[in-house]
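Below: one structure, written as structure tokens.
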Amino acid sequence: MEYRYIGRSGLRVSPLGMGTMTFGSFCDKRESFAIMDKAYDRGINFFDTAELYPVPPRSSWAGETEKIVGEWLETKPRDSIVLATKVAGAASGWFVPPIRHGMTAIDRFHIERAVEGSLKRLGTDYIDLYQMHWPDTVVPIEESLEAFDRLVASGKVRYIGTSNDTAYGLTKANEASRYLGFARFESIQNNFSLLNRRFMDELATVCRKESISLLPYAPLGGGVLSGKYNGEFYPPDARYTKYLGDANPRIRAQGEKYLNKKTLEATALYMEIAQTAGMSVTTMAIAWSMRHDFVASSIIGATSVDQLDETLAALEVTLDDEILGACDRVHEAIPYPMG
């Protein structure tokens, strides 16, 4: 296994990381354990979760994923795993998290409450990478960074990262850390896939110049790039099939972002490229995500252990210039299908 460093940290991670956001909702504890065991046995050492998981976010579910991951951690040597989790983003933004009575903020109080809860549920005394799930539009980033820095100084957290952030947000945060002498964000976890190349417009330059690592989530476009959806059939138990029929307009909007005419048209073309290359589109999409120099670990997901076969196969694949060029031409024909 080729291990990569996250940013300028001492964290060495596998080029694929195991995402856990479906554990406790779309798959039960037994299946979740089987998924994590299979990933671990293949050399995956990076596991990512959040206090808000599983999805879709519900007050009755929040924290269940961390509990499942915590029970599984008891079966493995703790130091063999790079464990990441997140503090829920601020209620001032695009979404009000159904935890702490909808009053979340990225301030000292909420960060400390969140990390104590995560440590308890995960059954560990430290978190390797603690991430802001999304930025706070009200609390100054300097205040947030001071709270994160205290966690690093206390030993409860080794390194910090951000998620769902912009080039401006990441740059301002790390310049503030530099000026104030606080721990800086070593990573950013944003959406990045063949269906969503927005990261390459500006953020990739920030990552390269500042030695910050992207930890892409949804490298399969939320499962759309697997080819399981098409214009005539949406699997009834699939995540975005359920999202499109959800009563919550925010959740429906998420479904429409991932699952629309352009994403399906692009996926059909990517499937043709993969078939010509003699591999599954799932394997090709994951291999494409992993290949970028600013990526430390692409975060994969699963709702069943069998789904990992085609995903993990990407560890053995190097895409040649012909395949990469064909993928680029799809993007030129159907740019930014997720908007």
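For the stretch 134-160, residues that are assigned to a helix (DSSP H, G or I), open to solvent by 30 Å² or more (accessible area, probe 1.4 Å), within 19 Å of Tyr179 (Cβ to Cβ) and of a type outside the set (A, V, I, L, M, F, W, C) total 5.
Just a yes or no: is a residue in the stretch 223-230 in a helix (DSSP H, G or I), surrounded by fewer than 19 Cβ atoms within 10 Å (Cβ to Cβ) and at pLDDT below 95? No. Scanning the stretch 163-183 for residues that are without any contact (Cβ under 8 Å) to a residue 60 or more places away in the chain, open to solvent by less than 40 Å² (accessible area, probe 1.4 Å) and more than 17 Å from Arg108 (Cβ to Cβ) yields Asp165, Ala167, Gly169, Leu170, Asn174.
Within the stretch 299-319, not a single residue is of a type in the set (D, E, K, R) and in a loop (DSSP other than H, G, I, E, B). Looking across Ser163, Ser154, Ser92, one residue alone is more than 18 Å from the chain's Cα centre (by Cα) and either under 16 Å from Ile188 (Cβ atoms) or at pLDDT below 95 (or both). It is Ser92. Taken together, Thr263, Thr267, Thr276 contain a single residue that is hydroxyl-bearing (Ser, Thr, Tyr) and open to solvent by 10 Å² or more (accessible area, probe 1.4 Å), which is Thr276.
Restricting attention to the stretch 231-255 and to residues that are part of a loop (DSSP other than H, G, I, E, B) and open to solvent by less than 60 Å² (accessible area, probe 1.4 Å), the residue that is nearest to Arg291 (Cα to Cα) turns out to be Ala238. When the residues of the stretch 86-105 are filtered to those that are in contact (Cβ under 8 Å) with a residue 40 or more places away in the chain and over 10 Å from Leu52 (Cβ atoms), the one that is surrounded by the fewest Cβ atoms within 10 Å (Cβ to Cβ) is Trp94.
Within the stretch 142-160, does at least one residue satisfy the condition of being within 28 Å of Phe23 (Cβ to Cβ) and of a type in the set (Asp, Glu)? Checking the stretch 142-160: not a single residue is within 28 Å of Phe23 (Cβ to Cβ) and of a type in the set (Asp, Glu). Annotation note: Cβ proximity below 7 Å between a residue of the stretch 1-19 that is free of Cβ contacts under 8 Å to residues at least 40 places away in the same chain and a residue that is assigned to a loop (DSSP other than H, G, I, E, B) and open to solvent by less than 10 Å² (accessible area, probe 1.4 Å) (sequence gap 6+ or interchain) occurs for Glu2/Pro15. Selection of the stretch 259-298 for residues being farther than 17 Å from Leu324 by Cβ, of a type outside the set (Ser, Thr, Tyr) and not in a helix (DSSP H, G or I) yields Leu259, Asn260, Ala296.
For Arg208, the criteria (1) charged (D, E, K, R); (2) surrounded by fewer than 23 Cβ atoms within 10 Å (Cβ to Cβ); (3) within 22 Å of Gly89 (Cβ to Cβ) hold in every case but one, which is (3). The condition of being in a loop (DSSP other than H, G, I, E, B), touching a strand residue (DSSP E or B) at 6+ places or on another chain (Cβ under 7 Å) and under 20 Å from Leu11 (Cβ atoms) holds for Ala183. Of the residues making up the stretch 308-326, those that are touching a residue at least 12 places away in the same chain (Cβ under 8 Å), closer than 18 Å to Glu31 by Cβ and either open to solvent by 40 Å² or more (accessible area, probe 1.4 Å) or not hydrophobic (A, V, I, L, M, F, W, C) (or both) are Glu310, Thr311. Among the residues of the stretch 109-133, those identified as open to solvent by 10 Å² or more (accessible area, probe 1.4 Å), closer than 13 Å to Ser154 by Cα and part of a helix (DSSP H, G or I) are Glu112, Glu116.
Could you say whether any residue in the stretch 52-62 is crowded, with 21+ Cβ neighbours inside 10 Å, in a loop (DSSP other than H, G, I, E, B) and charged (D, E, K, R)?
No, every residue in the stretch 52-62 fails to be crowded, with 21+ Cβ neighbours inside 10 Å, in a loop (DSSP other than H, G, I, E, B) and charged (D, E, K, R).
Of Gly70, Gly93, all but one fail to be small (Gly, Ala, Ser) and touching a helix residue (DSSP H, G or I) at 6+ places or on another chain (Cβ under 7 Å); the exception is Gly70. Filtering the stretch 63-85 to residues that are within 17 Å of Ser32 (Cα to Cα), in a helix (DSSP H, G or I) and either in contact with a strand residue (DSSP E or B) (Cβ under 6 Å, 6 or more places away or on another chain) or open to solvent by 10 Å² or more (accessible area, probe 1.4 Å) (or both) leaves Glu64, Thr65, Lys67, Ile68, Glu71, Leu73.
Do you know which of the residues in the stretch 1-41 that are in a strand (DSSP E or B) and of a type in the set (A, V, I, L, M, F, W, C) is surrounded by the fewest Cβ atoms within 10 Å (Cβ to Cβ)? That would be Cys27.
The values are calculated or read from the model by the stated rules, or taken from the named source; none is laboratory data. Just so we're clear, the structure is a prediction, and the values are computed from it rather than from any experiment. With ideal geometry, Cβ positions are generated from the backbone for all residues, glycine too; neighbour counts draw on all protein chains shown. Remember, those area values only see protein heavy atoms, side chains included, never the ligands or the DNA or RNA. Shrake-Rupley method; radii C 1.70, N 1.55, O 1.52, S 1.80 Å.
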